[in-house]
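Report on the structure given below.
The values are calculated or read from the model by the stated rules, or taken from the named source; none is laboratory data. Every value quoted in this text rests on a predicted model; they were computed, and no experiment measured them. Using ideal geometry, Cβ is built from the backbone for each residue, glycine included, and neighbour counts are taken over all protein chains shown. Areas reflect the complete protein model, heavy atoms only, side chains present, ligands, DNA and RNA absent. Shrake-Rupley method; radii C 1.70, N 1.55, O 1.52, S 1.80 Å.
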Amino acid sequence: MIKKITTDISNMLNNSISSSDFDGLVGMRAHLGRMEPLLCLESDEVRMIGICGPSGIGKTTIARVAYSQLCNSFQLSVFMESIKENYKRPCSDDYITKLQLQQQFMSQISNQKDMEIPHLGVAQDRLKDKKVLVVWSWESNYHYNTRSKTF
């Protein structure tokens, strides 16, 4: 119990310090300026923003910068990286794959390793009253629809 409390306090202190990791990146303010109105941060509605484009143009970097700048505005936040690499259909059952993703998600967002998830409704039940920022980095070489309304 004491270890969990000290870990939570340490994490809060670490998150309260603004990051300077991305200060030298050119053009990030412009990307964030275009993205922020789409997020409607003052709203209680669920918002989803997609960053799409060919590989190597900085989509994940933009997502990292956005996460870094916005995570303190949320009760909980998580940056889940390389989801596609970790889940290339490890089994033929989509339910099991979704359960594994939700288990990883809940472990990261709650800062508890090896959390057991008995069913797919756990994340929704546990987070329904929280303002949560989730950034998924799903690196993919799929073609994207240039007509879609994604960022």
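Of note:
- Pick from segment 35-49, criterion touching a residue at least 40 places away in the same chain (Cβ under 8 Å) and over 12 Å from the mean Cα position of the chain (by Cα), ranking: nearest to residue 133 (Cα to Cα): 44
- Index of the failed condition, residue 79 passing every other in (1) at pLDDT 85 or above; (2) open to solvent by 70 Å² or more (accessible area, probe 1.4 Å); (3) outside any helix (DSSP H, G or I): (2)
- Test result for residue 85, at pLDDT below 90 and surrounded by fewer than 13 Cβ atoms within 10 Å (Cβ to Cβ): yes
- Filtered residues of segment 60-76 (kept if in contact with a helix residue (DSSP H, G or I) (Cβ under 7 Å, 6 or more places away or on another chain) and surrounded by fewer than 17 Cβ atoms within 10 Å (Cβ to Cβ)): 71, 72, 76
- Restricting attention to segment 9-60, the residues that are of a type in the set (Ser, Thr, Tyr), under 17 Å from residue 77 (Cα atoms) and at pLDDT 85 or above add up to 2.
- Residues in segment 58-85 that are of a type outside the set (Lys, Arg) and under 12 Å from the mean Cα position of the chain (by Cα): 17 in all.
- Qualifying residue in segment 89-98 (condition: more than 28 Å from residue 115 (Cβ to Cβ) and either modelled with pLDDT of 75 or more or open to solvent by 70 Å² or more (accessible area, probe 1.4 Å) (or both)): no
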